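Down below is the structure, laid out as structure tokens.
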Amino acid sequence: MDTIQSITEKTKALFSGSNTAEFTEQAKGAMEKSAKMAEDFVAFGKGNIEALVESSKIAAKNVEALGQEAAEYAKTSFESATEAAKTLAAAKSPTEFMKLQGDYARTAFDTMIAEGSRSTERMLKMFGEFAQPISNRVAVATDKMKISA
């Protein structure tokens, strides 16, 4: 019976006069803190979505440019091969034919290596640009984790 009376008195004391004001103030502070955390969470999520959209735009732009470069290279290669075929057909001797064919093969190989290097550099640059917005968001997340820890 003493325990029930004790609990009853403590409960009354908690909700009476100055204790009620203190409790209300603490609850209000907790609610404001929760609202601020929710706001921060929504803003952080929005920033993440914006970073993904930006990365997608960068990737699409770069893939389009790579496609255009590949098409241009294919066109140029076809034109060079056509010109080489005409030149080879006009050869006057087997020796001249072999020399012209060797020259064309060397030029085509050098062009292919240069184009491969250019494409590799372009792709590395593209991946760096594509990853930048996401990398920035990771940095923001890391900073937020440091602050909350």
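Among the candidates ILE147, ILE134, the residue that is surrounded by fewer than 10 Cβ atoms within 10 Å (Cβ to Cβ), among the aliphatic types (A, V, I, L, M), out of contact with any Phe, Trp or Tyr (no Cβ under 9 Å at 6 or more places or on another chain) and closer than 30 Å to PHE44 by Cβ is uniquely ILE147.
Per the conditions (1) modelled with pLDDT of 90 or more; (2) closer than 30 Å to VAL42 by Cβ; (3) of a type in the set (Lys, Arg), the sole criterion not satisfied by ARG106 is (2). Just one of the numbered conditions (1) surrounded by 13 or more Cβ atoms within 10 Å (Cβ to Cβ); (2) within 26 Å of GLN68 (Cα to Cα); (3) of a type outside the set (A, V, I, L, M, F, W, C) is not true of GLY128: (1). Annotation note: Cβ proximity below 7 Å between a residue of segment 93-117 that is closer than 21 Å to LYS75 by Cβ and open to solvent by less than 50 Å² (accessible area, probe 1.4 Å) and a residue that is in a helix (DSSP H, G or I) and not aromatic (Phe, Trp, Tyr) (sequence gap 6+ or interchain) occurs for ALA108/SER80.
Within segment 45-61, restricting attention to residues that are polar (S, T, N, Q) and at pLDDT 90 or above, which residue is nearest to the chain's Cα centre (by Cα)?
My answer is SER55.
Residue-level check: of (1) within 20 Å of the chain's Cα centre (by Cα); (2) hydrophobic (A, V, I, L, M, F, W, C); (3) open to solvent by less than 90 Å² (accessible area, probe 1.4 Å), LEU88 misses just (1).
The set of residues in segment 102-144 being of a type in the set (Asp, Glu) and out of contact with any helix residue (DSSP H, G or I) (no Cβ under 7 Å at 6 or more places or on another chain) consists of ASP103, ASP110, GLU121, ASP143. When LYS144 is tested against (1) more than 30 Å from LYS36 (Cα to Cα); (2) part of a helix (DSSP H, G or I), only condition (1) is not met. Being modelled with pLDDT under 85, open to solvent by 60 Å² or more (accessible area, probe 1.4 Å) and not in a helix (DSSP H, G or I), is that true of even one residue in segment 33-40? No, because not a single residue in segment 33-40 is modelled with pLDDT under 85, open to solvent by 60 Å² or more (accessible area, probe 1.4 Å) and not in a helix (DSSP H, G or I). When each of SER18, SER6, SER77 is tested for being at pLDDT 85 or above, small (Gly, Ala, Ser) and either part of a helix (DSSP H, G or I) or open to solvent by 70 Å² or more (accessible area, probe 1.4 Å) (or both), the lone residue that passes is SER77.
The values are calculated or read from the model by the stated rules, or taken from the named source; none is laboratory data. For clarity, every value in this text was computed on a predicted model and none was experimentally measured. No Cβ is skipped: glycine too gets one built from the backbone with ideal geometry, and neighbour counts run over all protein chains shown. Accessible surface is based on the protein model in full, side chains and every heavy atom, while ligands, DNA and RNA are left aside. Shrake-Rupley method; radii C 1.70, N 1.55, O 1.52, S 1.80 Å.
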